[in-house]
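Note sheet for the following structure.
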Amino acid sequence: MSLDTNSDPQSPPQPIEPTKIAVLKHRRGSRWMHWINFPLIVIMIWSGLRIYWANRVYAFGILSWEWFMFFPESFYTALDLNQRLARGIAFHFTFAWLFTLNGIAFVIYTWRTGEWREMVPNRKSLRGSLDVLLHDLRIRKTEPPKRGRYNEAQRLTYSLVIFLGFLAILSGFAIFKPTQLSILTWILGGYTSARVIHFAVTIAFVLFFLVHILQVARAGWRNFTSMVTGYEVTETDTSGSNRTSPARQSMEAADG
Amino acid sequence: MAEKPELSMAAYRQRTRRSLLTGGLAALAGFAGWRWVQDQPQSHNIPTVLRKGHEFNEAVWSGLFREDHQARTFSRSAASILRVNGRQGLRSEIDLADWQFTVKGPDGTTLGTHVLNDIKQLDYFETTIEHKCIEGWAQITNWGGARFRDFMRLYEDQLPDNISHVYLETPDSQYYVSVDIETMRHDQTMLTYNNLGVPIDELHGAPLRLTTPLKYGIKQLKRIGEIQFLTEAGRDYWGERGYDWYAGL
Ligand code: HEM
């Protein structure tokens with residue numbers, strides 16, 4: 001965040017809670033799109049599983065040995081997925097547009113505001129993510145540094161999940177209109193292959209979601225509310241070479 | 001309004017209260033929207049807004065329809081006999097030797113009747129395509145028969161210009177579909193009597209069925225008993241049961 005406003009040397013800062021400050025972390029557009037995306041993706045997964053129910057064919061295993069079948073029978077009963085194909089399709093094909101529009105809006109927004117810089121991984125991200133993982137699993141003591149807003153593992157997963165979002169959309173349209181959009185279907189290896197991709201993406205979303213919830217819970221209430229309020233409280237440097245204090249002063253002046 | 005990059009703690013607290021309130025209201029609105037969708041009056045077994053969603057998709061994709069765009073074809077060796085799915089309309093006995101079907105105009109008047117040999121008089125056409133079921137499976141198979149377009153030519157003089165759909169039903173009227181005319185006129189839409197080079201068997205629609213790779217299997221009516229040309233969409237068995245009337249691929 002670059003701010004060229006300078007404090008007026010005549011009026012020294014009022015030391016109201018000198019060590020804490022709230023810094024803008026998620027802009028309004030990002031927040032709204034994040035929270036709009038949440039119910040949409042839940043609806044897409046749920047209606048997608050109602051579709052999958054009609055032809056339950058995917059399993060993990062080697063040759064004839066089946067290790068895990070998607071899904072056990074109780075799963076369908078618990079989530080009301082039985083005998084709901086027509087409704088599943090109706091929800092899926094209507095909400096697909098909303099999910100797609102929100103996704104496109106998010107990318108345009110992220111690009112126009114430059115927010116993407118906070119999210120793109122680089123060559124070191126893979127290595128850095130491993131450090132984060134080891135730290136999170138309490139195998140390593142030192143906390144790996146953040147690069148800007150996010151640490152390397154966050155950069156990697158957030159970029160990946162946005163990519164997955166687009167893969168869900170592309171594979172979705174590829175199996176939605178395999179003739180009219182035959183080029184897309186061809187790129188994804190044909191109808192059957194696009195369908196496997198579409199399902200795999202769904203599973204990946206669910207896994208991401210579980211880890212995401214866990215990490216947000218671990219990061220605490222104030223991190224969570226930053227996705228609602230936009231701001232996160234940070235401790236400022238008391239040594240005087242405080243990056244943020246001039247801005248804060250001018251802001252308080254403006255508030256006053 | 002641009003958001004400030006930083007807030008004092010006092011401003012932050014106020015902000016938090018306000019945002020949590022907005023968030024709570026938005027969540028409530030979202031939930032209300034969800035209830036609203038669920039509690040909609042039904043339109044053929046699905047909430048009306050979702051039926052509108054299907055109709056929106058139909059408008060988009062029929063608008064993008066190109067008659068010269070073909071569904072992918074495969075080598076004949078990849079083809080196999082389809083799994084049997086859906087026996088609606090096939091449950092009654094049929095005497096293949098005695099079978100015939102009628103053709104009707106939009107007002108319901110009978111324009112003609114045909115036996116299988118009439119269809120066999122038309123140019124023979126064979127194709128290997130991927131058949132897709134709305135339940136989620138797909139299989140490559142081979143169909144042989146006449147193009148529907150060639151068949152329709154027999155009636156062109158007797159039909160008004162504004163034919164928009166073709167309605168087909170089984171001899172016992174238990175299964176019926178309505179298909180848009182653009183799809184019916186397409187190269188790959190056929191009155192099919194051969195499967196993998198031999199006459200089609202009963203469970204796959206003997207003696208004559210509709211096939212087209214441009215629609216899901218639900219539209220590809222087996223055992224034709226009647227064909228009617230329409231100036232608007234007609235009844236549709238699965239459409240009435242909550243599925244999309246268009247069901248295009
Ligand atoms: C968050 C995004 C999405 C998720 C989690 C999702 C999930 C699913 C799942 C689990 C299935 C069942 C897969 C199977 O039976 O093989 C499915 C089917 C399908 N999805 Fe999606 N989907 C998403 C987005 C989309 C989009 C954007 C489209 C575009 C129109 C789409 C179109 C389809 C189609 C055409 C089917 C197959 C329907 C059928 O065969 O009857 N999906 N989806």
- Query: Taking the highest mean first, how do the peptides A:43-49, B:160-166 order by number of other beta carbon atoms within 10 angstrom per residue?
  - Reply: A:43-49, B:160-166
- Carbon and sulfur atoms account, in whole percent of the 1.4 Å probe accessible area of region B:138-204, for 47 percent
- Message: Give the separation of the Cα centroids, region B:5-55 to region B:69-105, in Å.
- Response: 47 Å
- Where in region B:140-249 are there GluC sites (Glu not before Pro) that are in a DSSP coil and have at most 12 other Cβ atoms within 10 angstrom of their Cβ? B:Glu232, B:Glu240
- Among the trypsin sites (Lys or Arg not before Pro) in region B:39-79, which ones are in a DSSP loop with at most 14 other Cβ atoms within 10 Å of the Cβ? Mind listing them? B:Arg66
- Query: Using alpha carbons only, how many degrees (0 to 90, rounded to 10) separate the axis of helix B:48-63 from the longest principal axis of chain B?
  - Reply: 60 degrees
- Message: Which three extents, in angstrom, do the Cα atoms of the protein assembly as shown have along their principal axes, listed largest first?
- Response: 103, 51, 40
- Item | Cα centroid separation - region B:118-145 against region B:193-225, whole Å | 7 Å
- Task: Please list, or write none, the lysines whose alpha carbon is within less than 30 Å of the alpha carbon of B:Lys215, excluding same-chain residues fewer than 8 places away.
- Result: A:Lys177, B:Lys52, B:Lys104, B:Lys120, B:Lys132
- Rounded FRET efficiency, nearest 0.05, which uses the C-beta distance separating B:Arg149 from A:Met69 and R0 of 60 Å: 0.85
- Query: On average, how many beta carbons from a partner chain sit within 10 Å of the beta carbon of a residue in B:78-90?
  - Reply: 0
- Item | Share of carbon and sulfur in the accessible heavy-atom surface of region A:122-219 [1.4 Å probe, %] | 71 percent
- Give a quick list of GluC sites (Glu not before Pro) in region B:32-95 that DSSP marks as loop, anything other than H, G, I, E or B, with at most 16 other Cβ atoms within 10 Å. B:Glu67, B:Glu93
- Item | Helix-only mean residue ellipticity at 222 nm for chain B, each DSSP H run of n ≥ 4 adding -39500 (n - 2.57), per residue, nearest 500 | -8000 deg cm²/dmol
- Percent antiparallel among DSSP beta bridges confined to chain B, rounded to 5, stands at 90 percent
- Message: Nearest 10 degrees is fine. How inclined is helix B:9-38 to the longest principal axis of chain B, computing both from alpha carbons?
- Response: 30 degrees
- Message: Could you give me D for region B:44-241, from Stokes-Einstein at 37 °C and 0.692 mPa s, where the hydrodynamic radius is the Kirkwood radius over C-alpha pairs? Units µm² s⁻¹, please.
- Response: 190 µm²/s
- Can you give the mean number of other chain Cβ atoms that lie within 10 Å of the Cβ atoms in peptide B:8-18? 6
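The values are calculated or read from the model by the stated rules, or taken from the named source; none is laboratory data. None of the values given here were measured: they were computed from a predicted structure. Heads up, the Cβs are rebuilt from the backbone with ideal geometry, glycines too, and the neighbour counts pull from every protein chain shown. Just the protein is used for accessible areas: all its heavy atoms, side chains included, with ligands, DNA and RNA removed. Shrake-Rupley method; radii C 1.70, N 1.55, O 1.52, S 1.80 Å.
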